[in-house]
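Asks: Structure below; questions to follow.
Every read-out reported here was derived from the displayed coordinates using simple, explicitly stated rules and does not represent laboratory data. All figures in this text were calculated on a predicted structure; none of them were measured in a lab. Backbone-built Cβ (ideal geometry, glycine too); neighbour counts: all protein chains shown.
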Amino acid sequence: MNEYAPIGIFDSGFGGLTVLKEIAAVLPQYDYLYLGDNARAPYGSRSFETVYHYTLEGVKALFERNCHLVILACNTASAKALRTIQQKDLPHLAPQKRVLGVIRPTAELIGKYSRTNHIGILGTSGTVNSESYLVEIEKIFPNVVVTQEACPLWVPLIENNEHLSKGADYFIEKHVQQLMRKDSAIDTIILACTHYPIIATRIKQFLPPHVQLIAQGPIVSTSLVDYLQRHPELETKCSQQGSRVFLTTDLADTFSKSGALFFGEAIHAQTVVIDHL
Ligand code: DGL
């Protein structure tokens, strides 16, 4: 039997579970090790240095647990930490290992979804201020007009299980309307935060029916299938016993309970400490 070498999935908290759910649906054979840094979530309004520092600790924790491939299933971490980790840390930390993000695969496909070529981005302040989507989409679809809206309270509401409350609806409506007011030609909106699929139906109620919401799970999973085919040297290192293990830096019981909503099935999380690395 191969040694246990799961694919690592990292997020600030619960959001990455929406991505893992889609990945595990199309690639069920692999082992997955999920790490949510709930103790320090949300990342969205933290500085570049802090997000980089926290994300690097998460990646190291997953490397220590034998992951050869780690996916940052978090836009904020992808925007603020991925490039530095890939260019500065990986070469001396683990030159054979790989860390991938969720922004590039989304940007590569998104132009194909829009008929008007006007795309909206809903994300955390960190993701929006990084302008990563503007830069990445421009490279691939230079004719597409991209308009952003930061929604700083959405992740805290979701992490605190308040996303179905009336109070949450107020903030959801506010940002959806602000985005559409900035550009009424938008016909496609990226849920550019992996937490947001959990409130997709709440977002839709404030949008004209012709506007489509795109979640990243299906995009990232399609891109991962392609990546593993193109990188057999890495793919053969990923063990295939079909296991899913969930780690959180905060309370395991809370993670198991709330995480099940995001993952769509029961999970049993364990608490880990990662900030000593
Ligand atoms: N799921 C993360 C993202 O995709 C949320 C970031 C946060 O913790 O604020 O951006």
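Asks: For region 157-260, what's the radius of gyration and Dmax over Cα atoms, in angstrom?
Replies: 18.1, 50
Asks: Scan the chain and hand back the longest stretch that contains none of the trypsin sites (Lys or Arg not before Pro) lying in DSSP loops with at most 14 other Cβ atoms within 10 Å.
Replies: Free of exposed loop sites, the longest segment is 116-277.
Asks: Sort out for me the Cα centre separation of region 166-204 from region 112-140, rounded to whole Å.
Replies: Each part reduced to its Cα centre gives a spacing of 14 Å.
Asks: Going by C-beta contacts inside 10 Å, put Thr201, Thr76, Thr254, Thr249 in order with the fewest on the left.
Replies: Final ranking by Cβ density, sparse to dense: Thr201, Thr254, Thr249, Thr76.
Asks: Taking Cα centroids, how far is region 37-54 from region 218-268 in Å?
Replies: Region 37-54 and region 218-268 have Cα centres spaced 21 Å from each other.
Asks: Counting other Cβ atoms within 10 Å, which GluC sites (Glu not before Pro) in region 219-276 have at most 16 and lie in a DSSP loop?
Replies: Answer in residue order: Glu265.
Asks: By how many degrees, 0 to 90 and rounded to 10, does the Cα axis of helix 166-182 deviate from the longest principal axis of the chain?
Replies: Computed tilt is about 70 degrees.
Asks: Length gain on complete extension for the stretch Thr222 to His118, per 0.36 nm per residue less the alpha carbon to alpha carbon distance?
Replies: Extra length from Thr222 to His118 when fully extended: 35.1 nm.
Asks: A 22 angstrom limit on the alpha carbon distance is what I want to check against. Which of Lys80/Lys174; Lys80/Lys182; Lys60/Lys88; Lys21/Lys80 exceed it?
Replies: As for pairs spanning more than 22 Å Cα to Cα, those are Lys80/Lys174; Lys80/Lys182; Lys21/Lys80.
Asks: Using alpha carbons only, how many degrees (0 to 90, rounded to 10) separate the axis of helix 216-230 from the longest principal axis of the chain?
Replies: Approximately 40 degrees, to the nearest ten.
Asks: Here's something else I'd like to know. Which length gain, in nm to one decimal place, applies between Val245 and Gln29 when the Cα-Cα distance is subtracted from 0.36 nm times their residue separation?
Replies: 76.4 nm
Asks: Glu138 versus Asp253, label points 7 Å from Cα toward the beta carbon: distance in nm?
Replies: Simple spin-label model gives 5.0 nm for this pair.
Asks: Taking the beta-carbon count within 10 Å as an exposure proxy, list Phe255, Phe171 from fewest neighbours to most.
Replies: Ascending number of Cβ neighbours within 10 Å: Phe171, Phe255.
Asks: Starting from the alpha-carbon convex hull of the chain, give the projected area averaged over all orientations, in nm².
Replies: 13.7
Asks: Now for a different question. Kindly provide the Kirkwood hydrodynamic radius of region 91-149 in Å, to one decimal, from all pairs of distinct alpha carbon atoms.
Replies: 12.7
Asks: By count of other Cβ within 10 Å, fewest leading, how are Val102, Val273, Val176, Val145 ordered?
Replies: Lowest count first: Val273, Val145, Val176, Val102.
Asks: Using alpha-carbon pairs under 8 Å, 6+ residues apart, how would you state the relative contact order of region 70-162 in percent?
Replies: Across region 70-162, relative contact order equals 29 percent.
Asks: Give the aspartates and glutamates reachable from Lys257 as a straight Cα distance under 18 Å; neighbours fewer than 8 places away on the same chain don't count.
Replies: Of all the aspartates and glutamates, those that pass the test against Lys257 - Cα under 18 Å, at least 8 places apart if same chain - are Asp11, Asp37, Glu159, Glu162, Glu265.
Asks: Apply the Karplus curve 6.51 cos²θ - 1.76 cosθ + 1.60, θ = phi - 60°, to the phi angles in region 140-146 and return the couplings in whole Hz, x for Gly and Pro.
Replies: Values per residue, Gly and Pro as x: 9, 10, x, 8, 7, 8, 10 Hz.
Asks: Right, something else. If each residue of separation counts as 0.36 nm, what is the full-extension length gain between Glu235 and Gln96 once their alpha-carbon separation is subtracted?
Replies: Computed gain between Glu235 and Gln96 is 48.8 nm.
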